[in-house]
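Remarks on the structure that follows.
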Amino acid sequence: MFENVRGAFLIGGLLFFALSVAVMGWLPSLMVAQVKVETVEEISQTVIPEFEELAERYPEQFQMHFGVPGPESFAEALRLGRDTYIAEACWHCHSQFVRPVSNEAQRYGPVSLAAEYQNELNYPPLFGTRRVGPDLSREAGVRSNDWHAAHFFDPPSVVPTSVMPAFPWFFDENKKPNKKGLAVITYVQWLGSWIDPTGQIRRPVEAAGGQ
Amino acid sequence: MTELSNDKPFVSHWLVKAHLVAGFVWFLTAISAGMLFAFQFHQAYPLAGLEFFSPGRVRMVHTQLVAYGFIANCFVAGLYWAVPRLTGVRVASERFLGRTILYVWNLLVLATVLMILAGHAQAVEWGETPVVLDPLFLLGLVLAVIQFGTPLFKCRDKSQYVSMWYFTGALAWTGLVYFMGNFFPQYWVPGTGGAALIGLYIHDLVGLFVTPLGWGLMYYFVPILLKKPVWSHALSLVGFWGLAFFYPLNGVHHFLYSPIPMYAQYGAVASTIAVEIVVTTVIVNFFATLRGRGDHLRHNLPIRWFYVGMIFYFITCLQCAFQVTLTFQKIIHFTDWVVGHSHLVMFGVFGFWIFGMIQYLWPRVTNNEWYSRRESEWSFWLMTTGIIIMFLALVMGGLVQGFLWSDLAPFERSITASIPFWMSRAVAGILIIGGAIIMAHNMWMTARGRKGVAGATAA
């Protein structure tokens, strides 16, 4: 059994693999299963102020691409923003979780909780494994929309030593953010918007019953 | 189909050659993509401003091509060579399945590249294959299981050689791993549960697809080249079953200190260290096999590629036993240390084994002697120097980054401090590409039947 193809297939190939998925994948997902998985429509009920500010800052573009700021347009911007974030592999250089070590709570903000990731925008989660740039899971409101627009257009113009690529295709011919640009700024400004000014992680903690 | 009917009854040389060529072409593309991406770290990206060649997208092309273009094709070539010889049974179908797998798989790889560049990547690390292609890749893997599973399961020997266990394990695992990693986090399991599955996927792709095929081929080629059996069958058993049990449990170690439940993180750390112990037994077994045949390292090029790869394997695994601990993770997680580690594994180990295989197989499938021994030597030394520089530069740079972060230095400080290390990495990349181009030239001239000046060829 241990020296032939059948044993390798049944015990190694199937049994041990199933065991690993059960213990290392299925069980961890069960441990957050009591936290409701929010849809984008539920998330977008709380429109972040930065999204409304984008409508004032770039009225023409905002009107053309998203109409008026509100839960519906916010949901659309979040979805497109996340898709853009994935298409450009932002998550390969910017992680999305804060660890309880290496002074990360001082640098970024509260340590991440499992419940924060129980929503539709985490299929799959964008944890990331490398930080060429800083973590973004506490980015909401840290910098202005203008900063982000300038930074996406030409990163070294705001951070001279930056090695981030420029994304000119996020902008129209007048160098104003286009639909992708507005959406990706919205998505980044949303990351961590559920943390209140005192540093408490608000929404997921309620949902999780104090997990 | 004249090219399929030759004097070797068991093996289609044409299929071996076709997969080696496809794999090598993808290899050249993959390292070019990596090199291109390296320019971004000096704000000197040659194609800046072009959406289709955005650096982030090119980075995903680099990793995807290494796994599914380079390694998959070359290992399938190895399977076409080794499986019928080990089992005494032909693969399921050379003409139909063989050609279907070859063409469909490589078209899918090409489609992956184009779609990632067009902005349709999936957010699974090392599984960025667009979601619409995932079911097709899965189908390709099923076809490969039929193709190679047929001879493996038809072989009726009571106890079978260790390579066959590894191949069987890899065939069973690869499709399952692909399904788990590309489908569950995308559609059914969000958040930390999905992240745990992605961790498993990242690691299983190395541990349950690449590693077992690699070791299976080593267990096949090394005794043939050294003309003696593997030192200890008992250690072979420990190696295989240790890998089969512990390796699948490792994956969560990619997300230590994340919100994934700590029991899973502790479990991943413990089983990772267990894997390193198992690995040591395999390394001992192979180096004991080499005893008394040390001169082969000098004149037998495939053996040299294989054993240098094994030394790198031992280094990465030893490194892993330390870096996986929570103590090391505080500093080195998220840094270039890990990037250095993964380059040493994928290129220094599995890439080297594939080059050794090419060194052995290419003259046999083209029916020509190697064009130039000197060019083979140049490829070996350029690539060896390159990967050592790359590994050291990234590991050291990673430590600098990690300590600067933990010291709460401004983030940009970790960028400026990294520049010399990234520069060394780029130089290492140039050496590797140089070695690869020389190897491509050597293969091309060999296939055309040219004979170089320093013609003597080994093995």
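The values are calculated or read from the model by the stated rules, or taken from the named source; none is laboratory data. Everything quoted here is computed from the prediction, not taken from an experiment. Please note: Cβ atoms are built from the backbone with ideal geometry, for glycine as well, and neighbour counts cover all protein chains shown.
Listing for the model above:
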read-out	value
Check on B:Ala264, surrounded by fewer than 19 Cβ atoms within 10 Å (Cβ to Cβ) and at pLDDT 95 or above	no
Exclusive hit being among the aromatic types (Phe, Trp, Tyr) and in contact with a Pro (Cβ under 9 Å, 6 or more places away or on another chain), set B:Tyr219, B:Tyr263	B:Tyr263
From the options A:Ala105, A:Ala77, residue that is in contact with a His (Cβ under 9 Å, 6 or more places away or on another chain) and more than 8 Å from chain B (Cβ to nearest Cβ)	A:Ala77
The listed residue being more than 10 Å from chain A (Cβ to nearest Cβ) and surrounded by fewer than 19 Cβ atoms within 10 Å (Cβ to Cβ), out of B:Val109, B:Val104	B:Val104
Breaking point among (1) away from every other protein chain (no Cβ under 14 Å); (2) touching a Phe, Trp or Tyr at 6+ places or on another chain (Cβ under 7 Å), for B:Glu369	(2)
Some residue of the range A:91-101 being farther than 30 Å from B:Ile116 by Cβ and either facing another protein chain (nearest Cβ under 8 Å) or buried (at least 22 other Cβ atoms within 10 Å of the Cβ) (or both)	yes
Any hit, the range B:363-379, residues being under 25 Å from B:Met423 (Cβ atoms) and out of contact with any Cys (no Cβ under 8 Å at 6 or more places or on another chain)	yes
Residue within the range B:218-241 that is within 13 Å of another protein chain (Cβ to nearest Cβ), surrounded by 22 or more Cβ atoms within 10 Å (Cβ to Cβ), at pLDDT 95 or above and part of a loop (DSSP other than H, G, I, E, B) present	no
Residue selected from the range A:27-51 under the condition of a type in the set (Asp, Glu) and in a helix (DSSP H, G or I), by the criterion farthest from the other protein chains (Cβ to nearest Cβ)	A:Glu50
Tally of residues being on the phi < 0 side of the Ramachandran plot and either more than 7 Å from chain A (Cβ to nearest Cβ) or without any contact (Cβ under 8 Å) to a residue 12 or more places away in the chain (or both) across the range B:38-53	11
Counted residues, the range A:4-21 - those being more than 7 Å from every other protein chain (Cβ to nearest Cβ) and not hydrophobic (A, V, I, L, M, F, W, C)	2
Which listed residue is among the hydroxyl-bearing types (Ser, Thr, Tyr) and more than 25 Å from the chain's Cα centre (by Cα), from B:Tyr68, B:Tyr45, B:Tyr80	B:Tyr45
Which numbered condition B:Trp337 fails, given (1) more than 19 Å from B:Ile71 (Cα to Cα); (2) free of Cβ contacts under 8 Å to residues at least 60 places away in the same chain; (3) of a type in the set (Phe, Trp, Tyr)	(2)
Candidates B:Ile430, B:Ile438, filtered to the one that is exposed (fewer than 15 other Cβ atoms within 10 Å of the Cβ) and out of contact with any His (no Cβ under 7 Å at 6 or more places or on another chain)	B:Ile430
Residue among B:Val25, B:Val83, B:Val61 that is surrounded by fewer than 23 Cβ atoms within 10 Å (Cβ to Cβ) and part of a helix (DSSP H, G or I)	B:Val25
Lone qualifier among A:Met24, A:Met1 - being over 20 Å from the mean Cα position of the chain (by Cα), within 14 Å of chain B (Cβ to nearest Cβ), more than 24 Å from A:Gly199 (Cβ to Cβ) and buried (at least 22 other Cβ atoms within 10 Å of the Cβ)	A:Met24
Helices (runs of 4 or more DSSP H) fully within the range A:120-201 counting 2 or more residues that are facing chain B (nearest Cβ under 8 Å) and surrounded by fewer than 23 Cβ atoms within 10 Å (Cβ to Cβ)	none
Filter result for the condition that a residue is free of Cβ contacts under 8 Å to residues at least 12 places away in the same chain and over 26 Å from the mean Cα position of the chain (by Cα), over B:Phe411, B:Phe403	B:Phe411
Selected residue (only one of B:Val284, B:Val269, B:Val278 is surrounded by 15 or more Cβ atoms within 10 Å (Cβ to Cβ), within 22 Å of the chain's Cα centre (by Cα) and under 20 Å from A:Ser20 (Cβ atoms))	B:Val278
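Conditions (1) more than 18 Å from the chain's Cα centre (by Cα); (2) crowded, with 19+ Cβ neighbours inside 10 Å; (3) within 8 Å of another protein chain (Cβ to nearest Cβ), marked per residue:
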{"residue": "B:Val132", "(1), (2), (3)": "yes, no, no"}
{"residue": "B:Phe153", "(1), (2), (3)": "yes, no, yes"}
{"residue": "B:Met164", "(1), (2), (3)": "yes, yes, yes"}
{"residue": "B:Gly193", "(1), (2), (3)": "yes, yes, yes"}
